[in-house]
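Here the structure comes first, spelled out in structure tokens, and everything after it is commentary.
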Amino acid sequence: MEFQGKVAVVTGGCHGIGLAVVRAFEREGARTAVIDRSPAADFVGDVGRKEDLEAFAAFVRERYGRVDFLVNNAPPLMRGIDACSYEDFERALRVGVTAPFYLTKLLLPLFGQGAAAVNISSSRDRQSMPGTESYTAAKGGISALTHAMAASLAGRVRVNSVSPGWIDTEYRTYEGPDALQQPVGRVGNPDDIAEAVLFLCSPRAGFITGENLTVDGGMTRLMIYHDEHGWTYRP
């Protein structure tokens, strides 16, 4: 019960990584406040809307009066340059970058001693595939925002980010090349990310701020060349 009596705020906490983070905090004794568009959320709202963020911050203040941990997890949409409209791209940045910035700003008066914020980025903040511009831009933005906020909030809130790799939110087991292309030999699941988030929020990470923790089974560290390790490039 490492976080007994603490309050954790999680965006997009009704599914996937966000749900795993909420369950992990609650397992360790924390009380949680979740904003999500799902009716199962503590506060039903859209983090892409300024008014919803302000109303959610008021909700947290009224219910708990304090915040110990903030996890900005709500994911932006993924569309490529051929299909992504101006409005789509703008919304991706609102959800993926503006919302974490503004919600952190709104909750600042509620953060107590030892507070921590964790932003969920992605290994796509440094590598890409075709058709991902809106998502990749948002994840690159949140990674940069993380170290900027860490500097501005020094002494008040530690701010770090986690960059997941391939995470299967359905907890399916993969075999063959899908698993073996990752140095740890398997595809990740939401619990892998939740445990990283809890570590960064804990006193054990008290000397860590402004950092990005990549949790991807080593996949982004594996160099790939044509005709090596069974890889063949087919343009």
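Every number here is computed from the coordinates shown, using simple stated rules; none is lab data. These figures come from a predicted structure and were not determined experimentally. Glycine gets a Cβ as well: all are built from the backbone with ideal geometry, and neighbour counts include every protein chain shown.
With all pairs of different C-alpha atoms in the average, the Kirkwood value for the hydrodynamic radius of the range 7-221 is 17.3 Å. Computed over the range 7-221, relative contact order equals 20 percent, with contacts defined as Cα pairs under 8 Å that lie 6+ residues apart. With the alpha-carbon atoms of the range 173-235 aligned to their principal axes, the span from lowest to highest coordinate is 46, 26, 17 Å, starting with the largest. Cβ crowding within 10 Å ranks Phe89, Phe199 as Phe199, Phe89, fewest other Cβ atoms first. Close amide H contacts of Arg37 (hydrogens built in the peptide plane, cut-off under 5 Å, sequence separation of 5 or more or a different chain): Gly45.
Taking the longest Cα principal axis of the chain as reference, the axis of helix 133-152 is set at about 50 degrees.
Relative to the longest principal axis of the Cα atoms of the chain, helix 190-201 runs at roughly 50 degrees.
Its relative contact order, with pairs defined as Cα atoms under 8 Å and 6+ residues apart, puts the range 77-203 at 28 percent. Each peptide in 226-234, 34-42 was scored by the mean count of other Cβ atoms within 10 Å over its residues; highest first, the order is 34-42, 226-234. Short-range pairs are left out: with C-alpha atoms under 8 Å and at least six residues apart, the relative contact order of the range 68-117 is 61 percent.
Each of Met1, Met78, Met223 was scored by other Cβ atoms within 10 Å of its Cβ. Arranged with the fewest first, they read Met223, Met1, Met78. Evaluated with a Cβ-only charge set (Lys, Arg +1; Asp, Glu -1), the chain carries a dipole of roughly 700 debye about its Cα centre, given to the nearest 20. A simple count of charges around Ser143, restricted to other residues whose Cβ falls under 9 Å of its Cβ and scoring Lys, Arg +1 and Asp, Glu -1, yields +1.
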